[in-house]
Amino acid sequence: MTELLRVENLRTGFHTHGGVIRAVDGVDFSIPTGGALGVVGESGSGKSVTALSIMRLIDLPGRVEPTSTISFEGRDLAALPEDELTKIRGNEISMIFQEPMTSLNPVFTVGEQIAESVRLHQHVGDREAKDRALEMMRLVGIPSAEKRMRDYPHQMSGGMRQRVMIGMALSCNPKLLIADEPTTALDVTVQAQILELMKELREKLGMAILLITHDLGVVAEMVDEVAVMYGGRIVERGPVKEIFDNPQHPYTEALLRSIPLLGMRYTTPLKAIRGMVPSPLDWPQGCRFAPRCDYAFDRCLTELPPLLAVGEQEAACWLCENGARDVQPLVAPL
Ligand code: SF4
């Protein structure tokens, strides 16, 4: 498969009076054409800032450091002039967020808003834009689409609004959809419907997906590869099945042990991860997970582990230095 997006050494900092908040601190990953990568982590891990950095939507005092490379089909988004980047945003890369109500304009109908997005990005006339808007409403499974085009956002349920947002994001046939917690604000049954819809559309349209979520259950359904983020860095990555079947990093293991997931066997009771994510103003020396890790030893407190290969996975943990984890995890598939 050809590579669509490659992110190398991504570093995004917020320059405040109190110092530099290093929210993303050296992140690398790639997504092939039509592929799906899930980025998972607790809030404060840097996953949403990673997504916004790719789109160059970081506001001052935030800054993507110049040593970062964000290559999209060979074009470096980090270095592209703003007018060229604007053509890519919404056309080739689209983004959907957690709460559609804040992204939709309350004073325009949803049909007008999708049509406006088509007009803006594809420079087509009113008729064509409206036809495309209707086509998208149907594509995302909104019943009585023609009638509901005239609805205002407040007249729709949260699930329907998220369908509208997906329709708007896909109206220009993007090659990459970045979805930041797309189902977090929805109740569980609607969540499942939206995930199913995204899965179907990915297969039908062949677009790639970068899915940002705190929910491991969501990535299990949706993606091919997973990157687990902690403390502004990727601490484990690999094929989704391997990550669930055999987590290598203690943080991935702790995440899996903290929530009940279908198809997993728990050899100990569920357990919350103790402590808090450390402050990005002052990352601890050594492994950033050490203050919360049940396996920490002396070296962890002084040396920051790089990603180390373990079979098809990579884990930033000194336990994996010999190509296999020394201590077996306490969670396994059934
Ligand atoms: Fe735990 Fe040490 Fe591995 Fe960090 S490097 S995750 S502290 S065992």
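When the accessible area of the range 160-280 is split by element with a 1.4 Å probe, what percent falls to carbon and sulfur? Whole-percent figure for carbon plus sulfur exposure: 56.
Remark on L308: its backbone amide H falls under 5 Å from those of A315, A316, C317, a criterion applied only to residues 5 or more positions apart or on other chains, H modelled at 1.01 Å from N.
Using the rule -39500 (n - 2.57) for each DSSP H run of four or more residues, divided by the residues of the chain, the 222 nm mean residue ellipticity is -9000 deg cm²/dmol.
Contact order, relative form, for the chain: 19 percent (alpha carbon pairs under 8 Å, 6 or more residues apart, mean separation divided by residue count). Sorted largest first by accessible area at a 1.4 angstrom probe radius, with every protein chain in place, the residues H15, H154, H214, H121 fall in the order H154, H214, H15, H121. For the range 1-61, the dipole from Cβ point charges (+1 on Lys and Arg, -1 on Asp and Glu) about the Cα centre works out to 80 debye, to the nearest 20.
Summary of the geometry: the range 49-76 and the range 136-206, compared by the centres of their Cα atoms, lie 26 Å apart.
Can you tell me the FRET efficiency between E73 and V124 if r is taken as the Cβ-Cβ distance and R0 is 30 Å, rounded to the nearest 0.05? FRET efficiency, E73 to V124: 0.80. Solvent exposure of Y152, expressed as accessible area, is near 80 Å², computed with a probe of 1.4 Å over the protein chains only. The loop-placed trypsin sites (Lys or Arg not before Pro) in the range 100-201, going by DSSP, that have at most 15 neighbouring Cβ atoms within 10 Å of their Cβ come out as R150. Partners of K130 within straight-line reach, counting lysines whose Cα lies under 23 Å from its Cα and excluding those fewer than 8 residues away in the same chain: K87, K147, K175, K204.
For the range 1-128, the solvent-accessible area works out to 48 Å² per residue, with a probe of 1.4 Å and every protein chain left in place.
Taking R288, R6 and ordering them by how much accessible surface each has at a 1.4 Å probe, largest first, produces R6, R288. Beta bridges per DSSP, both residues in the chain: antiparallel share near 65 percent. Once the Cα atoms are used to define both axes, helix 110-122 deviates from the longest principal axis of the chain by about 80 degrees. Rounded to the nearest 20, the Cβ-based charge dipole of the chain about its Cα centre (Lys and Arg +1, Asp and Glu -1) stands at 580 debye. Remark: accessible surface ordering of S43, S103 (largest first) is S43, S103, probe radius 1.4 Å.
Only protein heavy atoms count here; on that basis, with a 1.4 Å probe, H123 has an accessible area of about 150 Å². Annotation: D187 carries an accessible surface of approximately 100 Å², with a 1.4 Å probe and no ligand, DNA or RNA atoms counted. Remark: spin-label model distance S43-V188 equals 2.2 nm, labels positioned 7 Å along the Cα→Cβ axis.
The values are calculated or read from the model by the stated rules, or taken from the named source; none is laboratory data. Note that the structure is a prediction, hence the values are computed from the model and not measured. Backbone-built Cβ (ideal geometry, glycine too); neighbour counts: all protein chains shown. Accessible surface areas use protein heavy atoms only, side chains included; no ligands, DNA or RNA. Shrake-Rupley method; radii C 1.70, N 1.55, O 1.52, S 1.80 Å.
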